[in-house]
Amino acid sequence: MGDVTRNIRLAKIIMTKVKYKLRNEFENSSTENLTQYIRKSISKLDEGIKKKTTVGVFGKTGAGKSSLINAVLGERYLLPSGTICACTSVIIQVEANVTDSNYIAEIEFISKQEWEDELETLLKVLPKDGEESDYEIFSTANDKITALYGEEGVFMTKEYLMNDERFSEIPEFLTCQTKNITCKDASELSGIIASYVQHDDSSPGGCYWPVVRSVTIKIPNCKDFLEHVMLVDLPGTGDCNKSRDQMWRSKLRDCSTVWIVSEITRAGSEKEAWEILSTSVRDMAQGGQCSSISFICTKTDDINPQNYMRSAKLIDEDFHITSEDPQCTNKRKIACIKHRNNKAKEKVRKNFNQQDTIKKNFNCHDKFLSVFTVSSEEFIKESPLLKPEDTEIPKLKNLLRMYNDSHTNETANLYVSGALGILSLIEGFKDTNTDMAKRFSLYKKLKINLQDADQHMQEYYMNVYHSLKEHLSNGTTESEGNCIENAKTVIAPKGKDGRGFHGTLTALCKNDGYYRSRTGELDLNGCLVKCMYNHIDKEFSDFFSGLQGDVTDVTEKSLQANINRFTIITDDLLHSYENSPVLIHMLKFLKTEEKNKILMLKPHILQQKKKIYASLAESIKRSMQPCYQRAAKDFGPGSMKRKQAVLLEHIESSRSTMFKDAQEHMLKTFDDEMNETFMEIKARLNEAMEHSLSNVNTLPRMDVCEEIHQLKKLITHVYD
């Protein structure tokens, strides 16, 4: 990909020179408005660079996530291991440092006010009142307070613990600033950041993770596979902190792909990882942008060949091994590793076929699930038993490189084609003997084409809008009838009495109806509108299909398919002006503007999709917030039942309006966002048409034939 990156750089140099030439030769002249538009168009070429591809990494403590990421990055001691110290719910992001050779960590803290509010709740759940103790919540509270303040912290008042002196080691927390750490090597950085991401019982008072929202690590020498890719270590559990839970959910929605990490010995029976995905599937699918999953079985080298062969009923002859071979011990272990790897892949695929919730919400094409069997330890050993390719770490690295290369190619395509379009525009203005009547005639024709294309999009959109409204209405009726029963499954689940659920319910209310605990996810807002989601999911998925770049995923009635058909410049129109040197240049520019604008809309529409889908639950959250706040403040004997009563009474009294309001909110959000998209396309094309066809000025001294020649040479390399 070095050639592509170099060609983008060369194209930018060419266009920068063109921009400076326009400014120097035509500044303060009658053509200034035209040249300003062209210079602005050159500057806009950089807007085609979309944000990074996010790879989410799931896995329980001890599954080998840190070792896996370290091996893929080629850094044995970068991420602290969770095998000795307990991992926390801090989100860790890893990306490339493309500026120098340093290892950098950027630590983002929660606000002081947010910690004060959380601390108040943590202190309240510490005392055991006998009636409504909750071990999980108590354990979380105890861990957080002792980690930050030491063992004596649990006996102190909130006022004492919030004194600025308690945070002298992390002044950035007090000033709401990011803490930046720069090191020369990975091991040094790992040692420094450990206290910000791990819980260590042996160091009470020396851990800062309770007030950390996220840590972003930037590493050098990985530009070829991480320049446009971000690895996000997504903790499988939460810890009562609202902002971390919100960030976790936001990052999950940003994931283009997800890695599920599990020890190979558990691969066939792994339930926790699939359950995490199943409970969050809507945040990844309809409410997100995930288009593939990789299941990664780790620690493949951890095997006892004798035990494995006995349990699998294998003998040396099955592997074509003889005991006389001096390498028989090593060969036997290698053969067992490979045999178990193949069996594990079969089991994972069989297990995946039983994940009905996941398969229902995703377009599970042939390449949707990939399974890897890896050995991080063997890959980084100086004298490994396995060949590098047999550890499958190189396969994962190549997967990241593929994501990175795809981003680079798309960027190059957008930039170079856009640059050629702009140079065509300049060439069109070079002729001083332009027939303005023909130009205006073409302008009027394209105006009519734009109106017709827009009319088609509006008709298509209204059909989708009315269909969505019908599905939402059916879901609204069902939600109104089932809301109490649905709510009880979250706030009063069977088998959960006061002793084991009170703290969880409190955390749910404190977090506005959404709480990720150590044992799973609770989402009252989502539960209340699940009937509405059930009714719209198919329609919603079809409408927004194909946005992740998989053309097989595009349905005929999808937004992407209809936008792809949107054009004001047909091939016949281009052909009819082939003999008009000026107007064909203008049409080529407009065709490029049209094509590139549609391509650049994809990431924008993805964000709109997430906003629209989340609007249902967001509306319910706003409706429920008054009762969440009242319930969260209720403590003491019997408070759990009072909390449940407050929530159920509010749902009962609001059921006739709450779901209709949510329906209207989603429809309005859908209408606003889609109209913004259509207006953006029209505005961009109208502006381009105005400047290229309604402008009477010329640029006689701007000869860019050589620049066009240079760019065409570059574009052949881009597509090779």
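The values are calculated or read from the model by the stated rules, or taken from the named source; none is laboratory data. Everything numeric in this text was worked out from a predicted model, so none of it was measured. Positions of Cβ are backbone-derived with ideal geometry, glycine not excepted, and every protein chain shown enters the neighbour counts. Each accessible area value is taken on the protein alone, full model and side chains, heavy atoms only, with ligands, DNA and RNA left out. Shrake-Rupley method; radii C 1.70, N 1.55, O 1.52, S 1.80 Å.
Structural remarks
- Helix 530-543 axis versus longest C-alpha principal axis of the chain: approximately 30°, rounded to the nearest ten.
- Our summary gives the chain a relative contact order of 19 percent, counting only alpha carbon pairs under 8 angstrom and 6 or more residues apart.
- For the range 541-693, the relative contact order works out to 24 percent when only alpha carbon pairs closer than 8 Å and six or more residues apart are counted.
- Listed peptides 190-196, 563-569 by packing density, highest first (mean Cβ within 10 Å): 190-196, 563-569
- In this structure the range 599-682 gives 43 Å² per residue of accessible area when probed at 1.4 Å with all protein chains present.
- The range 280-339 and the range 593-622 have their alpha-carbon centroids 42 Å apart.
- Summary of the geometry: the range 690-705 and the range 216-246, compared by the centres of their Cα atoms, lie 48 Å apart.
- DSSP beta bridge pairing in the chain, given as percent antiparallel to the nearest 5: 40
- Cα centroid separation - the range 38-77 against the range 413-468, whole Å: 36
- Count Lys and Arg as plus one, Asp and Glu as minus one, and take only other residues whose Cβ is under 10 Å from that of S375; the net charge is then -4.
- Applying the Kirkwood pairwise sum to the alpha-carbon positions of the range 577-708 produces a hydrodynamic radius of 19.9 angstrom.
- Rounded to the nearest 10 degrees, the angle from helix 242-254 to the longest Cα principal axis of the chain is 50 degrees.
- Applying 1/(1 + (r/R0)^6) with R0 = 35 Å to the Cβ-Cβ distance of K350 and E556 gives a FRET efficiency near 0.60.
- The translational diffusion coefficient of the chain, from Stokes-Einstein at 37 °C and 0.692 mPa s with a Kirkwood hydrodynamic radius over alpha carbon pairs, comes to 113 µm²/s.
- Here the relative contact order of the range 183-249, from alpha carbon pairs under 8 Å that lie six or more residues apart, stands at 20 percent.
- Note on the chain: with charges restricted to the Cβ of Lys and Arg (+1) and Asp and Glu (-1), its dipole about the Cα centre is near 1000 debye.
- Split the accessible area of the range 168-248 by element, probe 1.4 Å, and carbon with sulfur accounts for 45%.
- Only DSSP H runs of four or more residues enter the estimate; each adds -39500 (n - 2.57), and after division by the residues of the chain the mean residue ellipticity at 222 nm equals -20000 deg cm²/dmol.
- Highest average first, the peptides 504-510, 168-174, 298-304, 625-631 ordered by how many other beta carbon atoms sit within 10 Å of their residues are 504-510, 298-304, 625-631, 168-174.
- Dipole magnitude for the range 214-330: about 820 debye, using +1 per Lys or Arg Cβ and -1 per Asp or Glu Cβ, origin at the Cα centre.
- Long-range HN-HN contacts of I110 with modeled amide H, under 5 Å: V212, R213
- 0 to 90° range, to nearest 10: angle between helix 112-125 axis and the chain longest Cα axis: 30
- Annotation: per residue accessible area for the range 301-428 equals 52 Å², rounded to a whole number [probe 1.4 Å, protein chains only].
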